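The values are calculated or read from the model by the stated rules, or taken from the named source; none is laboratory data. A quick note: this is a predicted structure, and the numbers were derived from the prediction, not measured. Positions of Cβ are backbone-derived with ideal geometry, glycine not excepted, and every protein chain shown enters the neighbour counts. We work out accessible area using only protein heavy atoms, side chains counted, and drop any ligands, DNA or RNA first. Shrake-Rupley method; radii C 1.70, N 1.55, O 1.52, S 1.80 Å.
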Amino acid sequence: QVQLVQSGGGLVQPGGSLRLSCAASGIAFGRYDMSWHRQAPGNQRDFVARITGGGLTSYVEFVKGRFTISRDNAKNTVYLQMNNLKPEDTAVYFCNLHAPSTNYWGQGTQVTVSS
């Protein structure tokens, strides 16, 4: 069974940093695109960042220059490094694995940015 297990969320002050991790099992991780999405209270789940199996990255405009997506195929893990965090970044963050026939989602982790 494919599983995505997330860690690394928490509470941080504005301007601070967090690194989210998402570890996959039960699938050939290195072949597939991975992405991060977030959902704030009362909002839909929105795209944040994506990395292809070949290492190409893309980001939503608001996080460009602050967030970095990366992957370690030896550890079957994708990361989201978040710097210069802002209160509007507060949300539940989800990782997603893009398999040919379906998408697999992590359980979500809370990120709260507040002074």
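Report the residue count in region 9-32 for those that are open to solvent by 70 Å² or more (accessible area, probe 1.4 Å) and either over 14 Å from the mean Cα position of the chain (by Cα) or modelled with pLDDT under 95 (or both).
Number of matching residues: 3.
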*Please verify whether region 79-92 includes one or more residues that are β-branched (V, I, T) and modelled with pLDDT of 95 or more.*
yes
*Taking region 33-55 as the region of interest, how many residues are surrounded by 12 or more Cβ atoms within 10 Å (Cβ to Cβ), outside any strand (DSSP E or B) and at pLDDT 95 or above?*
3
*asked:* I'm trying to understand the selection: among the residues of region 77-93, which are under 16 Å from T109 (Cα atoms), assigned to a loop (DSSP other than H, G, I, E, B) and open to solvent by 10 Å² or more (accessible area, probe 1.4 Å)?
replied: T90
*State which residue pairs qualify: first residue within 22 Å of S17 (Cβ to Cβ) and inside region 95-115, second residue open to solvent by 90 Å² or more (accessible area, probe 1.4 Å) and of a type in the set (D, E) in any location, beta carbons under 9 Å apart, and separation of 6 or more residues or different chains.*
V113/E88
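Could you please find all residues in region 94-115 being closer than 15 Å to G15 by Cβ and either of a type in the set (A, V, I, L, M) or open to solvent by less than 10 Å² (accessible area, probe 1.4 Å) (or both)?
Within region 94-115, V111, V113 meet the criteria.
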